There are 2 protein chains.
Amino acid sequence: MLEERIRNAAVRARVTDADEVQAWIRDGMTVGVSGFTKSGDAKAVLKALVRRVERTGERLRIRLLSGASLGEVDGLLAAHDLVDLRSPYQGDATLRRIINGGEVGYIDQHLSEMAEWVRAGWWGEIDLAIIEAAAITEDGGIIPTTSVGNSPVFVERAKRVIVEINPDIPAEFEGLHDIYLPEQRPNRGPIPLVDVGDRIGTPYIPCPPEKIAAVVVSQERDTPSNLTRPDEETEQMAGYILEFLQHEVRRGRLPAGFGPLQSGVGSVANAVLAGLKSAPVRDLEVYTEVMQDAVFELLDAGVVRAASSCSFTLSESMRQHVLANFRDYKDRVVLRPQEISNHPEVVRRLGVIAINAALEVDVYGNVNSTHVQGTHMMNGLGGSGDFARQAALSIFVTKSIAKEGRISCVVPFVAHVDHTEHDVDVLVTERGLVDLRGLPPRARAKAIVDHLAHPDYRDALRDYVRRASARGGNTPHLLEEAFGWHVRYRETGDMRPRVAMLAD
Amino acid sequence: MLEERIRNAAVRARVTDADEVQAWIRDGMTVGVSGFTKSGDAKAVLKALVRRVERTGERLRIRLLSGASLGEVDGLLAAHDLVDLRSPYQGDATLRRIINGGEVGYIDQHLSEMAEWVRAGWWGEIDLAIIEAAAITEDGGIIPTTSVGNSPVFVERAKRVIVEINPDIPAEFEGLHDIYLPEQRPNRGPIPLVDVGDRIGTPYIPCPPEKIAAVVVSQERDTPSNLTRPDEETEQMAGYILEFLQHEVRRGRLPAGFGPLQSGVGSVANAVLAGLKSAPVRDLEVYTEVMQDAVFELLDAGVVRAASSCSFTLSESMRQHVLANFRDYKDRVVLRPQEISNHPEVVRRLGVIAINAALEVDVYGNVNSTHVQGTHMMNGLGGSGDFARQAALSIFVTKSIAKEGRISCVVPFVAHVDHTEHDVDVLVTERGLVDLRGLPPRARAKAIVDHLAHPDYRDALRDYVRRASARGGNTPHLLEEAFGWHVRYRETGDMRPRVAMLAD
């Protein structure tokens, strides 16, 4: 096996044990690892590090950079206080708790931009890159596994590279990836990608063999994604979006294939895509950062013709299906570095239709994607900003209420702004869909309140907008009340207006 | 003269009078006009329209789309209630007043995106395009004057085109402009611009001669810009920025020429650029949306080698200087459509250093560029979002206080978010400069409060951050107090904390 998976003899001689190589990780290091939404992440060496500190009781903290969220490793490292700084995305409950406690510095960031910041030296040098791989070529080229993430830039910039070879990944993964790194400025040219399926780079991450300081063989599995099944309301939202896209095609404002689809990570986004399965559409394209289960279902159904992303993030059953039938998919899917899968240049050129989830929206269409009550980080911005700003059509979805109605997801003023009204063309809740394009703020407010808010909150929102508008402004607000709903929720556990306010 | 300026005989036969052609403008029309930051705007026909309604007392309102702000015409139209909807930018006191009164719908918008929205049919068809021009070629090609703005897309999409030939613009302006329109998606390729001075299009706006329905000869002048002279504090800020850029070069994080400079519109941005005049730098490049006086001073001084923008916006004396000496500048400057001057693809590729002005910033580095007290529109977002998001380095500047100290420009929570913390790398006030790159939110807050806030407000900001942090969160806030400073200013005319609060 090793001869096939590690084709360079000098590199093969550096196969060692995760428990050996973890010793290279020292306090204060900056470590860049593979991994994007729990896929293709470096697992063995970091788990060995956890075992070491469990054994020795040693105090040690690293700056941990990745593509996006890691699997269980994010939680293990957090639980053992091994992380000083984390970027650019995470989704682990333990890590989230200590981030919100202020014990770990978390830099949330547009995913396409991380590679630029690494190149620009934001965190100085990368001491170590740890990359999960399917194979290493004769020339040291690293074939990634189920994600590409920021691995190419980490490999390029790291002092030393450790590779975790995972023989459970089919050898056919070679050829799945398309690794392209923009040139160093000021000598950078256009990214020559003009079609979702284009291949513009190499099928491996280039790496001088001598830079691969150690190789570990690991059969650790990706942590499966835990999508919840679509409920009635997410299916309604998916239906509205499909109806709207078809309406735009009929009006001649979208091509018959809509444009390449991007869909955020999570259950709602997955359900929206899955909703296309029964639609009378064929040969769609997907240009997104993560292919969840739904994309493979759409490939199976012939609804999607080609899909580009940075990662597969799959349930356990879909993972098994995809790995077992990988040859059927290989010429229809491509995995790219997140710098390219999310690149504003490409997103704008292709005319991507972006569909992302919001935590809450306000009456003018600003979106909070990340911060509960404006303060506590959930996961992170991810690629939503990369896509929403440059999309031909930027759609955000949220249910109108949460916590059995105690929270309205349509509020007077979002308590954290991730996307401004300028980047939000269409909003969807289970109550309806509004097309906000070409509407000034006061008209946006009317559309959002009338068509998207839950009836329990509609009157109070109307009352807010009416009184604010009377005071004037292009974007009327009553700043003394703007966060009143969030404050009330904090104090009482319920955003719903009190009787006294209704009588106001 | 007419033979030289209107080289197509059939078009020349359509020369008429502004008072004739204004009659084409009818209630409810969508009119796209040339003009960007008071330069190269259509003047004669719209002024004739104003004369008509003054004469007839007629009620008439149009949807007025442009490149950016018009000169005095914006105010004249507003004063006569001729505007129903305005986009994407304005800067006129009268228009601003009625926008904030809710009488005119104003759609503030990233300037690079307007052409996409016109193409996508946001406002349906463009009934009329009115374009100021230096000349019309044999084939109907329209040579713009001191700005390009959105004129190419308006000409492409309008049912009829009216051209205002301005013979006061030197004939040598032919060759100054580079008109490139991205292809219609899904068949769009890369924008082949890799150097600030590249010419990738035609020197005229292509237009079938038969589409030019009328030509008016007009000697109306651009409304001069009214820059205030740099004061001590703007000069301090310029000094900090120059020092910082030189520091980055020494650290190897910026090339010796920094990267192409973008600078927002207005006195502060102009002063920052002017501050480079005495610096030991040569051969810089400018890639920006507006060339103000300072860019020409830097060209004169040899500090700037090449400059690309969408518009010249000049004081009257600089206007005369540039027009009289235009041959000296012609091979060093180029004017492009705003879609290209501000295009995210190009901004990211070139590694632009973006310098934009803020109205207020908050402790985490979010920026309000547009809304006084979060509600009342000043001018608009302009190109700040196009540049800040994709820049290699995004710098925002503001004085630490306004209104003799009654307003702090560093606040707990900005009352309107135009740029999120993710798009703000460096912040500058007259108190100092902070490099926020690679810092998590709590560390950003400490740096901003310690180094940028005015001493009169520093303790109160520290107190806010301290108490918020104790409550937890990745981005700690006390939502019940977050807008307290704005509310206090509204009620008392002063943001400064009361004695009671200091004793808290």
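The values are calculated or read from the model by the stated rules, or taken from the named source; none is laboratory data. Nothing here was measured: the structure is a model prediction, and the numbers come from that model. Quick reminder, even Gly has a Cβ in these numbers, built from the backbone with ideal geometry, and neighbours come from all protein chains shown. Surface accessibility is based on the protein's heavy atoms, side chains included, excluding ligands, DNA and RNA. Shrake-Rupley method; radii C 1.70, N 1.55, O 1.52, S 1.80 Å.
Of the residues examined, residue A:213 is one that is more than 14 Å from chain B (Cβ to nearest Cβ), more than 21 Å from residue A:293 (Cα to Cα) and open to solvent by 10 Å² or more (accessible area, probe 1.4 Å).
Checking each residue of segment A:230-243 against the condition of being free of Cβ contacts under 8 Å to residues at least 60 places away in the same chain, more than 14 Å from chain B (Cβ to nearest Cβ), under 21 Å from the mean Cα position of the chain (by Cα) and assigned to a loop (DSSP other than H, G, I, E, B) gives at least one match.
Being farther than 21 Å from residue A:445 by Cβ, modelled with pLDDT of 95 or more, open to solvent by 10 Å² or more (accessible area, probe 1.4 Å) and touching an Asp or Glu at 6+ places or on another chain (Cβ under 7 Å) is true of residue B:92. Yes or no: residue A:99 crowded, with 24+ Cβ neighbours inside 10 Å, facing chain B (nearest Cβ under 7 Å) and under 18 Å from the mean Cα position of the chain (by Cα)? When the stated conditions are applied, residue A:99 does not pass them. Summed over segment B:70-112, residues that are acidic (Asp, Glu), in a helix (DSSP H, G or I) and touching a residue at least 40 places away in the same chain (Cβ under 8 Å) total 1.
Restricting attention to segment A:292-306, the residues being closer than 22 Å to residue A:239 by Cβ and either part of a strand (DSSP E or B) or modelled with pLDDT under 90 (or both) number 1. Whether any residue in segment A:70-86 is under 15 Å from residue A:28 (Cβ atoms), under 21 Å from the mean Cα position of the chain (by Cα) and open to solvent by 40 Å² or more (accessible area, probe 1.4 Å) is what I want to check. No, segment A:70-86 contains no residue that is under 15 Å from residue A:28 (Cβ atoms), under 21 Å from the mean Cα position of the chain (by Cα) and open to solvent by 40 Å² or more (accessible area, probe 1.4 Å). Counting only residues that are open to solvent by 10 Å² or more (accessible area, probe 1.4 Å) and in contact with a helix residue (DSSP H, G or I) (Cβ under 6 Å, 6 or more places away or on another chain), segment A:136-159 holds 1 of them. Suppose the filter is over 16 Å from residue B:222 (Cα atoms), at pLDDT 95 or above and facing chain A (nearest Cβ under 10 Å); does residue B:32 pass it? So residue B:32 fails the test. In segment B:438-453, the count of residues that are over 29 Å from the mean Cα position of the chain (by Cα), more than 14 Å from chain A (Cβ to nearest Cβ) and surrounded by fewer than 20 Cβ atoms within 10 Å (Cβ to Cβ) is one or more. Of all residues in segment B:247-266, those that are open to solvent by 50 Å² or more (accessible area, probe 1.4 Å) and of a type outside the set (Gly, Ala, Ser) total 6. All of B:472, B:385 fail the test of being surrounded by 21 or more Cβ atoms within 10 Å (Cβ to Cβ) and within 13 Å of chain A (Cβ to nearest Cβ), apart from B:385.
Taken over segment A:388-425, the criterion of being more than 12 Å from chain B (Cβ to nearest Cβ), small (Gly, Ala, Ser), open to solvent by less than 10 Å² (accessible area, probe 1.4 Å) and outside any helix (DSSP H, G or I) is satisfied by A:400, A:408.
Scanning segment A:426-437 for residues that are open to solvent by less than 30 Å² (accessible area, probe 1.4 Å) and touching a residue at least 60 places away in the same chain (Cβ under 8 Å) yields a count of 7. If you go through segment A:477-492 and keep only what is open to solvent by less than 30 Å² (accessible area, probe 1.4 Å), facing chain B (nearest Cβ under 8 Å) and part of a helix (DSSP H, G or I), you end up with A:486, A:487.
Of the residues in segment B:104-115, at least one is within 10 Å of chain A (Cβ to nearest Cβ), within 19 Å of the chain's Cα centre (by Cα) and among the hydrophobic types (A, V, I, L, M, F, W, C). Identify, please: which residue in segment B:124-135 is out of contact with any helix residue (DSSP H, G or I) (no Cβ under 8 Å at 6 or more places or on another chain) and under 21 Å from residue B:28 (Cβ atoms) and is, among those, nearest to the other protein chains (Cβ to nearest Cβ)? The qualifying residue nearest to the other protein chains (Cβ to nearest Cβ) is B:124. Among residues belonging to segment A:74-96 that are more than 9 Å from every other protein chain (Cβ to nearest Cβ) and among the hydroxyl-bearing types (Ser, Thr, Tyr), point out the one that is nearest to residue B:345 (Cα to Cα). If we take residues in segment A:74-96 being more than 9 Å from every other protein chain (Cβ to nearest Cβ) and among the hydroxyl-bearing types (Ser, Thr, Tyr), then A:89 is nearest to residue B:345 (Cα to Cα). Which residues, taken from segment B:283-333, are closer than 22 Å to residue B:258 by Cα, surrounded by fewer than 24 Cβ atoms within 10 Å (Cβ to Cβ) and touching an Asp or Glu at 6+ places or on another chain (Cβ under 6 Å)? Answer for segment B:283-333, where residues must be closer than 22 Å to residue B:258 by Cα, surrounded by fewer than 24 Cβ atoms within 10 Å (Cβ to Cβ) and touching an Asp or Glu at 6+ places or on another chain (Cβ under 6 Å): B:305, B:306. Return a yes/no flag: does segment A:457-466 have any residue that is within 26 Å of residue B:87 (Cβ to Cβ), open to solvent by 10 Å² or more (accessible area, probe 1.4 Å) and within 12 Å of chain B (Cβ to nearest Cβ). So far as segment A:457-466 goes, yes, one or more of its residues are within 26 Å of residue B:87 (Cβ to Cβ), open to solvent by 10 Å² or more (accessible area, probe 1.4 Å) and within 12 Å of chain B (Cβ to nearest Cβ).
Taking the criterion of being within 9 Å of chain A (Cβ to nearest Cβ), in contact with a Leu (Cβ under 9 Å, 6 or more places away or on another chain) and part of a loop (DSSP other than H, G, I, E, B), the residues of segment B:366-380 that qualify are B:370, B:373, B:374, B:375.
Within segment A:466-483, residues that are at pLDDT below 95 have Cβ atoms under 9 Å from residues that are outside any loop (DSSP other than H, G, I, E, B) in no pair, counting only partners at least 6 apart in sequence or on another chain.
Looking only at segment B:318-341, how many residues end up being over 13 Å from residue B:181 (Cα atoms) and in a loop (DSSP other than H, G, I, E, B)? Summing the residues that are over 13 Å from residue B:181 (Cα atoms) and in a loop (DSSP other than H, G, I, E, B) in segment B:318-341 gives 4.
Taken over segment A:175-201, the criterion of being surrounded by 17 or more Cβ atoms within 10 Å (Cβ to Cβ), modelled with pLDDT of 95 or more and over 23 Å from the mean Cα position of the chain (by Cα) is satisfied by A:190 alone. Against the list (1) more than 9 Å from every other protein chain (Cβ to nearest Cβ); (2) open to solvent by 20 Å² or more (accessible area, probe 1.4 Å), the condition residue A:356 fails is (2).
Conditions (1) in contact with a strand residue (DSSP E or B) (Cβ under 9 Å, 6 or more places away or on another chain); (2) of a type outside the set (Ser, Thr, Tyr), marked per residue:
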{"position": "A:263", "(1), (2)": "yes, no"}
{"position": "A:268", "(1), (2)": "yes, yes"}
{"position": "A:274", "(1), (2)": "no, yes"}
{"position": "A:279", "(1), (2)": "no, yes"}
{"position": "A:283", "(1), (2)": "yes, yes"}
{"position": "A:287", "(1), (2)": "yes, no"}
{"position": "A:300", "(1), (2)": "no, yes"}
{"position": "A:307", "(1), (2)": "yes, yes"}
{"position": "A:323", "(1), (2)": "no, yes"}
